[in-house]
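A.B. asks: Here you go, one structure.
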Amino acid sequence: MIINDFLVINERGLYCRYGDFYLDPKEASPHAVISHAHGDHAVRSNDYVYCTPATAAIMQHRYQKNAGNHFRIYEWSESFDLNGVSISFIPAGHILGSAQVLMEYRGVKYLYTGDYKLQEDATCEKIEFVKANVLISESTFADPSVQHPSASDEIRKLNLFNHNVLLGAYSLGKAQRLINLIADHCPQRQVLVHHSIIGLNRIYEQFGFNPGKYELYTRKRMKQPDQNLVYIVPPLTFNSYIRAKNVLRAFASGWMNLQTNNDLKILISDHVDWNDILTMIKNVKPSELWTLHGNGKHLKSYFKDQLTVKLLNHAD
Ligand SMILES: [Zn+2]
Ligand SMILES: [Zn+2]
């Protein structure tokens, strides 16, 4: 029988009282099961951290001494027990090391997706589908009007001219995926990256996901116009170049509102869109869907009587 309050949201985040642990807590917690190393999922200074090897490596790289007190690291599908809840990590296809968290308790399987994507990405483990009774899914883009275009079509927009491009992107995950897409689809383009991205690229390389060719950015290189260069920078640096001359500005993201005021739209998302969520549900075959982040109301009306849909971030 599905336990209705198996996971609840409290001030620290998503909590499992039966196993006494948090999933991606927003504040440092005694026991934190971490789906992936993005800052909104992996905070510093948890006491016990349960995660995949790559997630641990990235957290330790970013947070150094404050990464967490005790790391408990598990390979894909290796199960461990927290107070009777059996837990294992399944690839989520979002960034390097990103995991879905499969929890089994009293014969019922609960699958927490973390962030996930179905689109192809050569820089991280491909998503795997497992069956579960309850699917706890992020619903960032759970709206029928959202359909992500193909990433290769988007990146090929860089082939329409030879102007240098300042390409804003999150430094973990998106930057590596872009380096790889540019190598595959824009071979005449040379990639320069901001220094904050280099250390992350090294971790990708260590884990066997070499993003492709890149060099460290120097100011001098970018000053020469029309060199077919792409300079990948994190959001803060991108915003500080608002008046950059001789360069086209673009920000690679699935968010439409981050595409305004730029010279080019590059809609590349590391999250599922509407159809991807439906595909996920078809594969997981849950009898209940619990939604998190974004808004589950479209899913709720779409599935009406076919599937129980519960919005975890709302009162109902
Ligand atoms: Zn993420
Ligand atoms: Zn996220």
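The values are calculated or read from the model by the stated rules, or taken from the named source; none is laboratory data. These figures come from a predicted structure and were not determined experimentally. Positions of Cβ are generated from backbone atoms using ideal geometry, with glycine treated the same way; all protein chains shown enter the neighbour counts. In case anyone asks, the SASA skips ligands and DNA or RNA and just uses the protein heavy atoms, side chains included. Shrake-Rupley method; radii C 1.70, N 1.55, O 1.52, S 1.80 Å.
A.B. asks: Can you give the relative contact order of segment 211-316 as a percent, counting alpha carbon pairs under 8 Å and 6+ residues apart?
C.D. replies: Worked out over segment 211-316, it gives 14 percent.
A.B. asks: Ignoring any ligand, DNA or RNA, what whole percent of the accessible area of segment 158-316 comes from carbon and sulfur when the probe is 1.4 angstrom?
C.D. replies: Looking at segment 158-316 in its full context, I get 52 percent from C and S.
A.B. asks: Hey, another quick one. Picking from Leu118, Leu248, Leu200, which is most flexible by a Gaussian network model of the chain using Cα springs under 10 Å?
C.D. replies: Of Leu118, Leu248, Leu200, the Gaussian network model singles out Leu248 as fluctuating most.
A.B. asks: Using Cα springs under 10 Å in a Gaussian network model of the chain, which residue among Phe251, Phe80, Phe141 shows the largest mean-square fluctuation?
C.D. replies: Looking only at Phe251, Phe80, Phe141, the largest GNM fluctuation is found for Phe80.
A.B. asks: When the distances between all Cα atoms of the chain are binned every 20 Å from zero, what whole-number percent does each bin get?
C.D. replies: Pairs per bin, as whole percents: 32, 55, 13, 0.
A.B. asks: Please get the size of the charge dipole for the chain, origin at its Cα centre, with Cβ charges of +1 on Lys and Arg and -1 on Asp and Glu, quoted in debye to the nearest 20.
C.D. replies: 1060 debye
A.B. asks: Using alpha carbons only, how many angstrom separate the centre of segment 92-150 from the centre of segment 160-196?
C.D. replies: Distance between centres, Cα-based: 26 Å.
A.B. asks: Counting other Cβ atoms within 10 Å of each Cβ, which chymotrypsin sites (Phe, Trp or Tyr not before Pro) in segment 142-215 have at most 14 and sit in a DSSP loop?
C.D. replies: Passing sites in segment 142-215 are Phe161.
A.B. asks: Let me ask something additional. Find the relative contact order for the chain and round it to a whole percent, using C-alpha pairs within less than 8 Å whose residues are 6+ positions apart.
C.D. replies: 16 percent
A.B. asks: Looking at this model, which pairs from Lys26/Lys310; Lys65/Lys174; Lys265/Lys310; Lys117/Lys300; Lys126/Lys285 are more than 29 angstrom apart at the alpha-carbon?
C.D. replies: Lys265/Lys310
A.B. asks: So, by mean Cβ neighbours within 10 angstrom, what's the order for 32-39, 61-68 with the highest one leading?
C.D. replies: Output ranking for 32-39, 61-68: 32-39, 61-68.
A.B. asks: How much accessible area per residue does the chain have, counting only protein heavy atoms and a probe of 1.4 Å, in square angstrom?
C.D. replies: 45 Å²
A.B. asks: For Lys213, which aspartates and glutamates qualify as cross-link partners when the Cα separation must be under 15 Å and same-chain residues fewer than eight apart are set aside?
C.D. replies: Output for Lys213: Asp184, Glu205.
A.B. asks: Which lysines, on any chain, are close to Lys220 with Cα under 24 Å apart, when same-chain ones fewer than 8 places away are left out?
C.D. replies: Candidates past the 8-residue exclusion: Lys245.
A.B. asks: Still on this structure, please answer the following. Tell me the mean residue ellipticity at 222 nm calculated for the chain from its helices only (DSSP H runs of n ≥ 4, each -39500 (n - 2.57), averaged over every residue, nearest 500).
C.D. replies: Rounded to the nearest 500, it is -6000 deg cm²/dmol.
A.B. asks: With a 10 Å cut-off between alpha carbons and a GNM built on the chain, which of Ser145, Ser29, Ser253 moves the most?
C.D. replies: Result: Ser145 has the largest fluctuation of those listed.
A.B. asks: Still on this structure: With just the Cα atoms defining each centre, how far is segment 42-88 from segment 214-267? Give it in Å.
C.D. replies: 34 Å
A.B. asks: If you don't mind, another one. Starting from segment 253-298, pick out the chymotrypsin sites (Phe, Trp or Tyr not before Pro) whose DSSP state is loop and whose Cβ has at most 14 other Cβ atoms within 10 Å.
C.D. replies: Trp255
A.B. asks: Rg over Rh of segment 225-281, using C-alpha atoms and the Kirkwood radius, what does it come to?
C.D. replies: Across segment 225-281, the Cα-based Rg/Rh ratio is 1.10.
A.B. asks: By how many degrees, 0 to 90 and rounded to 10, does the Cα axis of helix 274-284 deviate from the longest principal axis of the chain?
C.D. replies: Helix 274-284 sits roughly 40 degrees off the main axis of the chain.
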